[in-house]
Every structure is written in C-alpha cells, then in structure tokens.
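In what follows, a single structure is set out as structure tokens and then discussed.
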Amino acid sequence: MYASREDIGYDFGDDSKVGSEPIKPNPNIDGRWAWMIVLSSFLVHILIMGSQMALGILNMEWLEEFNQSRGLTAWVSSLSMGITLIVGPFIGLFISMCGCRKTAIIGGILNALGWILSAYASNVHYLFLTFGLTAGVGSGMVYLPAVVMVGQYFQKRRALAQGLSTTGTGFGAFLMTALLKYLCTEFGWRNAMFIQGAISLNLCVCGALMRPLSPKDVVSEKYIVRSNSGDNQAKALSHSAETIKSNGILSEELEKKEEATNEEVLASVQHTEIGGKSRNGRNMYGLRILKTVSQLMVTVRKGFAIWYSSYFGAASLFTNRVFVAFIIWALFAYSSFVIPFIHLPEIVKQYNLSSQNNIFPLTSIIAIVHIFGKVILGIISDLPCISTWNVFLMANFTLVTCILTLPLMQTYVSLAVVCALIGFSSGYFSLMPVVTEDLVGTKHLANAYGIIICANGISALLGPPFAGWIYDITHKYDFSFYISGLLYMVGIIFLLIQPCIQKKQPREKSTEEAQV
C-alpha cells in the first residue's frame, strides 16, 4: 500500500505543518544548484505555458488565413494546451526510464519541431498534427520534468521554490504575447512560428540544467514522523528504493538478473581482451554492443516496472484515497480558472464597459495578481506554523466563491476586485506539486503529478467547449460560471470528505509494523 497522509506525517488539521522534518541527505538539496533548477523551471514555464497563453495572436492569423470556423480553429490551441497536460502519465514512463534531463531535452527538440513544421501549414487539420500533437507532446515532455526536479531538489522551501518557478507562466504571457505580436506584424505568422521554433530550442538548455541527483541521494531521503498520540515517539518513513522493493515495484530478482547479465558480458569482454587473437577487435565491438543493449533493456524494464506498479500494481497510487479525491478535484478545477479568460471580454461588452477595459483589461489584472499570488502563497505555506493543506483549501474556497459571484458584478470596479481575487487565489497552482509530494512521496512524484496534470488537461480541453455549449442553450454567460463553480465545489467537497473518512478508519498495518 502507498503511504497515506498519516504515514508521511501530513496533517490536514489547522495546527500542524507537514508532520515531518526532512533529514538533509546531501548539500545539493536546498543548495546552490537547487536554485539553478528553479531558474530552469522558470524559463520552461515562460517558453511553454507563456507561449500557450499567447496563442490568441496566432489564432487570429489562422482565422484570416484558412477561413475556417472559430470553433474548428480554436481546437488547435485547445489541443496544444490539453495534450501538454494529458500526456503526463506517459511522460512519467519516460522519466522512469530515461530520467528528467533526457526527457526534457528530447521534449525540447520535439516542441521546436512542432513550431517549425507548423510554419508550412496548408490547412487547420495540418496544424492539428504539427502544433496540437507534436508541439503539445514536446511541451509535456519538458513541463513535467521541470516541476518534478524542483520537488526533488527542495525540502525546506518547496512551496516557495515551486511558486517562484511557476511565476514564469505570468511573465511568459506578457513576453510571448508582445513577441508574437511583433513577429507576426514584421515577418508574418509563418516566419513568426519558425522563429518561435528556434527560440524553443532553448528548452534543451533548460533540460541540460536538470542535473539528476545520484541514487544514493534519493535512497537516503527520510522523514521523521511525529506521533499523533501526544507522546514523543517518532517513526521513520523512508521513500527509498527499499520501500519500493517492499511494495513490489522493484523486485530483487530483476536486480540480480541485471548484475548477472552485466558480469557475464563484462567477463566475456575481459576474456576477449586477454585472448590476443586477430578477431579480438571484432569480438570486442560485438560484445560491447551486447553489453550496451543488455544494460538498456534492464533500464527499460526497471522503468516500466516502476511506472506500471504506480498505476496498476499492488502499490498503485489509486490505493491512496486522498490522492484519488485529489484527482477528482483536478478534473473540475482547471476549467474554472480558464473560463473567465474566455468569457470576460464578452461580459465586459455586455455591460458596456469596453472603454474602461481597454485601458486596463480585466484578464491582465488576473495575470498580474496571479504572479504575486503564487509567490505569497508559497511563502505562507513554508512557515512552520502553517499547514500547506489548509492554505491550499482556503485558496480553493476563495476561487470558487469568486467564480460564483463574478456574474453578479456589473461595474468595472467590482469586476476588477473579483478578478484580482481570482488571480491571487489561483496562485494555489504552485502548491499542487507540494501537496502531491506530501501525499505520495518524492520517489513517486513524477507519476503522481503526471496523473494530476492529466486531469487538469482533460478539464482544460473540455471545460471551454462545455461553457460554450451552455451559452448556446441559455444565451447567458451566467450559467457557465454557476455550473463550473458548482462542479468545482463538488471537487473541493471530495478533498474534505476523504481525510475525515481516513481518520475514522483504524490503521490495519499498525500491528504488522509493530511485529516487524
């Protein structure tokens, strides 16, 4: 079974932080290079998420170029944004096999290729394949490692580090919007996409900065868990390779086979070196290829075993009920943040507030305050007397309240206040990796967060069309906000119910652990 919130010392109450103090395994964690990882993740958010938030510029060019319906053309942007998140679980497989650095570099090349090939598009359907699919998958291969690496390199200031790195989305929205607008005006949209593809190759540099921690660093990561009974006893829970083996993820037989294969091939190579025959060079070359292939096969088998067991094995992530509730929440949450960006211009036009909105757009208010929200919520969550979970829930409650009340605001000032609250409270996005890591542990962060962003991707892909469908039926934007807000509230209720149920259930493993 996976570690539940009690196992990892994660308290959902008001008076506790993560109930554990990490034992620092080596100087790299919370060290100088950790901030280089934050910089790398920050640049990834600028180049990927910022570019996706600026696709409205290209969408206008595509409408004029291909003369297709707005609905069909909008699917290009929706596919790119949705696929970036939906492929999360499969990117977790790549990370298990190749590591974050190689996955990010390959993703950077694929993303740049998608942009460049899209410059030669002859119709919208061509863009579905090149920009929606190719660039979207490449973006996902860089985005997930960028989040995971920050979680691996930080223990004391995880929330602040994630908050700083994810502010790249807000900065990128401004920078990439201005850049794409300038490039399209000066060079045309085709050359603009070609240039943007060249710029996207910098994602490979960001990937190269993601220096992996050595296995010993990860193995030695432990948490000292505080007892809930009031006594001073402590339990040590290790999210290490030994824990994974006990859960059936990595079997000892697989490691023994790997060692036996490597030793056998190495012995053959050494025997050939000593032989001194004329065919030594050819034999050496063949044996080295055999050794490389055998090592590659073992790596692939190990990575697939970790990935498969995380989703379908005895130690599946889905055995953690709080994590399952977290997935249900993610299915409804992201669309509630995206819908205001889509419908706010129409609401402003409906209330005759266009002149004021042109001076300072409401969507810009959300974007600007969103940057500060991520950093401030990260700082608050890292305080020793504050529970990250409580900060996360309070931000969610604030956001859903704003979504439900926004249609009631009919003046620019009132809309601006609500939009500012939406921007600030949506800063909880920076806490999502932190909460996920607290629920499942650092070792399983890649696979777990891949599932979460996949749920967000489904929400981002289906939410806006659903809101448009509601408008077509009711001819009012109000119901889009009300329905999305109510669905969002259902997700929050799931987050509240599961911890209460889990507290009432006796710990079945307590007697077994005592015997061990």
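Residue-level check: of (1) under 19 Å from Ser41 (Cα atoms); (2) of a type outside the set (Phe, Trp, Tyr); (3) surrounded by fewer than 20 Cβ atoms within 10 Å (Cβ to Cβ), Ala119 misses just (1). Just wondering, is there one or more residues in the stretch 371-385 that are acidic (Asp, Glu), outside any helix (DSSP H, G or I) and over 19 Å from Gly463 (Cα atoms)? Checking the stretch 371-385: at least one residue is acidic (Asp, Glu), outside any helix (DSSP H, G or I) and over 19 Å from Gly463 (Cα atoms). Selection within the stretch 474-489: residues that are open to solvent by 60 Å² or more (accessible area, probe 1.4 Å) and not basic (Lys, Arg). The member of this set that is modelled with the lowest pLDDT is His475. If only residues of the stretch 135-165 that are open to solvent by 10 Å² or more (accessible area, probe 1.4 Å) and under 23 Å from Pro384 (Cα atoms) are counted, the one that is modelled with the highest pLDDT is Leu164. Applying the criterion of being open to solvent by 60 Å² or more (accessible area, probe 1.4 Å) and among the hydrophobic types (A, V, I, L, M, F, W, C) to the residues of the stretch 18-42, the residue that is modelled with the lowest pLDDT is Ile23.
The values are calculated or read from the model by the stated rules, or taken from the named source; none is laboratory data. Just so you know, these numbers come straight off a predicted model, no measurement behind them. Cβ coordinates were reconstructed from backbone atoms using ideal geometry, including for glycine residues, and neighbour counts include every protein chain displayed. Side chains are part of the model used for accessible areas, which takes the heavy atoms of the whole protein and leaves out ligands, DNA and RNA. Shrake-Rupley method; radii C 1.70, N 1.55, O 1.52, S 1.80 Å.
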